[in-house]
Structures are given as C-alpha cells and as structure tokens.
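Written below as structure tokens is the structure these notes are about.
The values are calculated or read from the model by the stated rules, or taken from the named source; none is laboratory data. Since we're looking at a predicted model, the values are computed, not measured. A quick note on method: Cβ atoms are made from the backbone with ideal geometry, for glycine too, and the neighbour counts reach across all protein chains shown. SASA here: full protein model, heavy atoms, side chains in, ligands and nucleic acids out. Shrake-Rupley method; radii C 1.70, N 1.55, O 1.52, S 1.80 Å.
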Amino acid sequence: MWTQAEVRELKVGRYMLIDEEPCKILSIDTSKPGKHGEAKSRIDAVGLFDGKKRSVVHPVKHKVQIPMIDKRKGQILNIAGDEIQMMDLETFEQFSLPIDEEFKGQLNAGEEVLYMVAMGKRKITKV
C-alpha cells in the first residue's frame, strides 16, 4: 500500500519507494531550473529492509510513491538462532522475523518491541 506525492513535497527523514523498496530519505538536493527545463531534485535514500543506498533524480513536479508505514507493538515469544517468533499485541497474529545485527544479544523472550510493517515486510525498530 502506498500514496503519491510530488518530489517537491518530500522531506529528509521521510519515506519513499525506489525500485519497489521502501527507503528513508537521507538528503535532497534541488538544482535550479535551466533555460528550457525545470528544476530537478537528486534524492539519496537508504532501504529500510536491505540497508542499500539508492539515488534517484526526478523533476520537482514528478509524482513518486510514498509507502504506508505501520508502526506496531509486538511481544517476543521465542528466540531460535537468528530468528524470533513474535506476536502482534493488537491482532495476536504470530510470525517469524530475522534478527538484525543491531539487536543481536539484546532481545529476550517475553519482551515487548516496536516493529514496522511496510509493503508486506516487517522489521524490528526499537527494543
């Protein structure tokens, strides 16, 4: 799920889709319009789920896709190797997630964590 916005409405720290991947915007550089052209923006972003840096250049009136990001609470049920079993605290849905490098050794069964859902993917954001 996503919405649309013009490039000129984007801000650093917000999100956009690049190559069907939700990305967090790191910087936006806008050039002045040329003699016959229009202003263009260079957007540098990093993928939320894969951590890859991406750059795109679009005219400022170009429409881009903005992912709908849902931030939720979950409880850790079980930790097995590099995966955790988790339960959403609103819907009681159970699912497995890989443990990110930044959270290794910090997670314990029974703990509540914040996670995000975007474009059908999930990721832990805060312990």
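Considering only protein heavy atoms and a probe of 1.4 Å, how much of the accessible area of the stretch 60-119 is carbon and sulfur, as a whole percent?
On the way: 1690 of 3560 Å².
Solvent-exposed carbon and sulfur of the stretch 60-119 make up 47 percent of the total.
Considering only Val57, Asn78, Leu89, the residue lying farthest towards the positive end of the dipole of the stretch 51-93 is Val57, judged by Cα position with unit charges set on Cβ.
Only lysine pairs 8 or more places apart or on separate chains count here, and in the stretch 18-66 those with Cα atoms under 25 Å apart total 19. Considering all projection directions equally, how large on average is the shadow of the alpha-carbon convex hull of the chain, in square nanometres? With every direction weighted equally, the projected area is 8.3 nm². Under 13 Å from the Cβ of Pro33, count the other residues' Cβ atoms, weight Lys and Arg +1, Asp and Glu -1, and hand me the total. So the surrounding residues net to +4.
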